[in-house]
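Student: Would you mind keeping the following structure in view while I ask a few things?
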């Protein structure tokens, strides 16, 4: 990275999974792990800054939490099909111009709407297969043992709120280097596949960012320093 500039290839997209909730005086935080804040004690030992429902990267291990503290750790799974990522944010405005104005006047309610895309090449990694299953009623066949029939598992179409991460500067990170990340609960709203002679099969998804994932985890834009997991 030079003067804060990065290439498009530096950005990486992930699916996020929640771990077991860590709570109370027996709980501990590990350096280099992402957490969502669920509750804060009046004498909270969670690092100051992130409010309830926001995510942070733990920069130093915490050996114990306060009684009323609770967080949930996040595990990343790279969305291996992705090549291109976009995230668009907009605010609505209404025309408030009246006779006393010499120029057009507008008001906004301040609500931010975010949409994005994940575009790339069709692959068979598990996170990608799970995304496809949201749009296609799927029968998954797994080979059985010798002389046995394949095992068939049916997955119905679903529309879950799920957590994803776009790390805009995350390829080959170095301890203490600048970090620019969006962690978001989203609904995937469209999917498209394509195949052309002379080209790799394409796979594209559009998503809509939502206010929380149904369990209080909200969108977080994190700008800070990369912290590696302690050895």
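Student: Out of region 133-165, which residues are surrounded by 12 or more Cβ atoms within 10 Å (Cβ to Cβ) and in contact with a strand residue (DSSP E or B) (Cβ under 7 Å, 6 or more places away or on another chain)?
Tutor: Correct list: 133, 134, 135, 138, 140, 155, 161, 162, 163, 164, 165.
Student: Another one. Which pairs turn up if I take residues in region 202-213 that are without any contact (Cβ under 8 Å) to a residue 60 or more places away in the chain and on the phi < 0 side of the Ramachandran plot and look for partners that are crowded, with 20+ Cβ neighbours inside 10 Å and assigned to a loop (DSSP other than H, G, I, E, B) with beta carbon separation below 9 Å, at least 6 apart in sequence or on another chain?
Tutor: These pairs meet every condition: 210/219; 211/219.
Student: Restricting attention to region 7-22, and to residues there that are assigned to a loop (DSSP other than H, G, I, E, B) and touching a strand residue (DSSP E or B) at 6+ places or on another chain (Cβ under 6 Å), which single residue is surrounded by the most Cβ atoms within 10 Å (Cβ to Cβ)?
Tutor: Ranking the qualifying residues of region 7-22, first place goes to 11.
Student: Looking only at region 91-124, count every residue that is loosely packed, with under 13 Cβ neighbours inside 10 Å and either touching a residue at least 24 places away in the same chain (Cβ under 8 Å) or within 19 Å of residue 201 (Cβ to Cβ) (or both) and tell me the total.
Tutor: 2
Student: Regarding residue 25, is this residue over 30 Å from residue 191 (Cα atoms), surrounded by fewer than 17 Cβ atoms within 10 Å (Cβ to Cβ) and over 20 Å from the mean Cα position of the chain (by Cα)?
Tutor: Answer is yes for this residue.
Student: For region 28-60, give me each residue that is over 20 Å from the mean Cα position of the chain (by Cα) and over 22 Å from residue 167 (Cβ atoms).
Tutor: Within region 28-60, 28, 39, 40, 41, 42, 43, 44, 45, 46, 48 qualify.
Student: Just to be sure I understand, how many residues within region 63-76 are under 24 Å from the mean Cα position of the chain (by Cα) and crowded, with 16+ Cβ neighbours inside 10 Å?
Tutor: So the answer is 7.
Student: So, restricting to strands (runs of 3 or more DSSP E) that lie completely within region 117-231, which ones have at least 1 residues that are more than 27 Å from residue 50 (Cβ to Cβ) and out of contact with any helix residue (DSSP H, G or I) (no Cβ under 7 Å at 6 or more places or on another chain)?
Tutor: 138-142, 151-155, 178-194, 202-209
Student: So which residues in region 41-59 are within 23 Å of residue 182 (Cβ to Cβ) and in a loop (DSSP other than H, G, I, E, B)?
Tutor: Residues satisfying the conditions are 46, 47, 48, 49, 50, 51, 52, 53, 54, 58, 59.
Quick note: the coordinates plus some simple rules give every number you see, no bench work behind them. Keep in mind it's a predicted model, so treat the numbers as computed, not measured. Glycine gets a Cβ as well: all are built from the backbone with ideal geometry, and neighbour counts include every protein chain shown.
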